[in-house]
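Below: the structure, in structure tokens.
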Amino acid sequence: MLNKEIINKTVEFLYKNFDESEYLTNNPDSKAYRLEHSFRVANIGRQIAEKEGFDETEMTVACLLHDISYCETFGEDSWINHGRRAAMIARPFLTELGFAKDRVDDICYGIAIHVDDLADFEGERTPFALTVGDADNIDRFDAYRIHETLCAEHFLDLDLAGKTENVKNKTAKLKKWEAQTFSTETAERMWRERISFYLLFYAKLSSQLNNSKGIYGL
């Protein structure tokens with residue numbers, strides 16, 4: 001069960017940091033995306049928590065705050081540290097919410113390692129902590145991301161040969177990613193479902209592109 005008071009306070013904290021961010025104020029599209037992504041990751045994390053017996057409130061809070069460091073302006077190499085920075089921003093807030101120290105540590109460790117699997121403090125790679133990164137990765141593969149990726153790659157601006165090559169390369173990568181492992185059975189199942197959806201989409205797109213090349217048999 002979700003503690004609605006804690007979740008509402010966390011959402012308010014997230015909005016406050018994003019609303020006060022000079023970078024996000026100057027980049028409203030990035031702000032909108034980062035908020036939407038944070039909510040999607042939180043909902044995925046909550047689904048995993050429910051199935052795996054984790055505390056749903058703690059997991060939802062961890063996922064809501066996993067990218068809160070986007071309120072800062074990143075330097076040239078600071079993106080790789082945004083998980084660790086997010087954990088630093090989140091820690092005093094989590095303490096104020098009344099979480100026990102061991103739960104604050106577990107939540108912050110999950111936030112810190114979600115980018116590159118490294119933290120700047122000692123922690124345990126519990127299934128709970130690893131689920132923050134799992135939920136983040138799972139969100140990278142859904143219907144919205146297909147649209148976003150094709151737009152970012154200017155897919156419609158490619159010629160037919162370019163589109164065909166793009167889809168071929170994507171399919172090869174997806175087949176490699178299909179075998180990726182996760183910290184829980186629930187996360188692995190969600191991942192397989194989403195990768196299967198992607199593979200089906202690109203298989204259909206590949207077929208449509210092939211049909212665009214002419215009439216078979218002539």
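Here are some notes:
- Test: residue in the stretch 81-89 that is closer than 30 Å to Q208 by Cβ and either in contact (Cβ under 8 Å) with a residue 60 or more places away in the chain or surrounded by fewer than 21 Cβ atoms within 10 Å (Cβ to Cβ) (or both): no
- Some residue of the stretch 106-114 being at pLDDT 95 or above and part of a loop (DSSP other than H, G, I, E, B): yes
- Residues (in contact (Cβ under 8 Å) with a residue 24 or more places away in the chain and assigned to a loop (DSSP other than H, G, I, E, B)) located in the stretch 12-54: E20, S21, F54
- Any chance N211 is more than 23 Å from F93 (Cα to Cα), more than 19 Å from the chain's Cα centre (by Cα), surrounded by fewer than 16 Cβ atoms within 10 Å (Cβ to Cβ) and not β-branched (V, I, T): yes
- T126 being at negative phi and surrounded by fewer than 21 Cβ atoms within 10 Å (Cβ to Cβ): yes
- When residues of the stretch 38-80 are limited to those that are farther than 12 Å from L14 by Cβ and aromatic (F, W, Y), the one surrounded by the most Cβ atoms within 10 Å (Cβ to Cβ): F54
- Checklist (1) among the aliphatic types (A, V, I, L, M); (2) more than 30 Å from A129 (Cα to Cα); (3) under 23 Å from the mean Cα position of the chain (by Cα); (4) surrounded by 14 or more Cβ atoms within 10 Å (Cβ to Cβ) applied to L200, failing item: (4)
- Looking only at the stretch 165-185, residues that are part of a helix (DSSP H, G or I) and not basic (K, R) come to 9 in all.
- Note on the stretch 16-63: residues that are under 14 Å from N137 (Cα atoms) and aliphatic (A, V, I, L, M) amount to 4.
- Residue within the stretch 82-100 that is farther than 23 Å from D19 by Cα, among the hydroxyl-bearing types (S, T, Y) and modelled with pLDDT of 95 or more present: no
- Qualifying residues in the stretch 107-123 (those that are of a type outside the set (A, V, I, L, M, F, W, C) and free of Cβ contacts under 8 Å to residues at least 40 places away in the same chain) - the one surrounded by the fewest Cβ atoms within 10 Å (Cβ to Cβ): E122
- The requirement of being modelled with pLDDT of 95 or more and in a loop (DSSP other than H, G, I, E, B) is satisfied by R125.
- Against the numbered list (1) more than 30 Å from P92 (Cβ to Cβ); (2) among the charged types (D, E, K, R); (3) within 14 Å of the chain's Cα centre (by Cα), K175 comes up short only at (3).
The values are calculated or read from the model by the stated rules, or taken from the named source; none is laboratory data. Keep in mind that what you see is a predicted model, and the values were worked out from it rather than measured. Methodologically, a virtual Cβ is constructed for each residue, glycine included, from the backbone with ideal geometry; neighbour enumeration extends over all protein chains shown.
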